[in-house]
Amino acid sequence: MSALTSDKAGTSAKGKRSLVDLAYEKVKKRILDNQYSPGYQALENEVAEDLGMSRTPVREALIRLKHEG
């Protein structure tokens, strides 16, 4: 596996966190800190702007969080 490929956990072959992992951690922390309150309907573009990243990693992070429940 090259340094640019990812495994199923979303980390690169060299162990660096992916943007998806970073978005996931930031969104989850904001939920747990009540910065995103219960019932908050997150729009990808607003969350992406808030986190300073593109919509794609945010979308994947939101999907991961949705599957966690």
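Here are some notes:
- Residue that is surrounded by the fewest Cβ atoms within 10 Å (Cβ to Cβ) [pool: residues in the range 39-69 that are outside any helix (DSSP H, G or I) and in contact with a helix residue (DSSP H, G or I) (Cβ under 9 Å, 6 or more places away or on another chain)]: TYR40
- Only residues that are in contact with a Leu (Cβ under 9 Å, 6 or more places away or on another chain) and among the aliphatic types (A, V, I, L, M) were counted in the range 21-69, giving 10.
- Residues of the range 5-39 satisfying the condition of being at pLDDT 85 or above and under 11 Å from the mean Cα position of the chain (by Cα): SER18, LEU19, VAL20, ASP21, LEU22, ALA23, TYR24, GLU25, LYS26, VAL27, LYS28, LYS29
The values are calculated or read from the model by the stated rules, or taken from the named source; none is laboratory data. What you are looking at is a predicted structure, and each value in this text was computed from that prediction instead of being measured. Because the Cβ atoms are built from the backbone with ideal geometry, glycine has one as well, and the counts that use them run over all protein chains shown.
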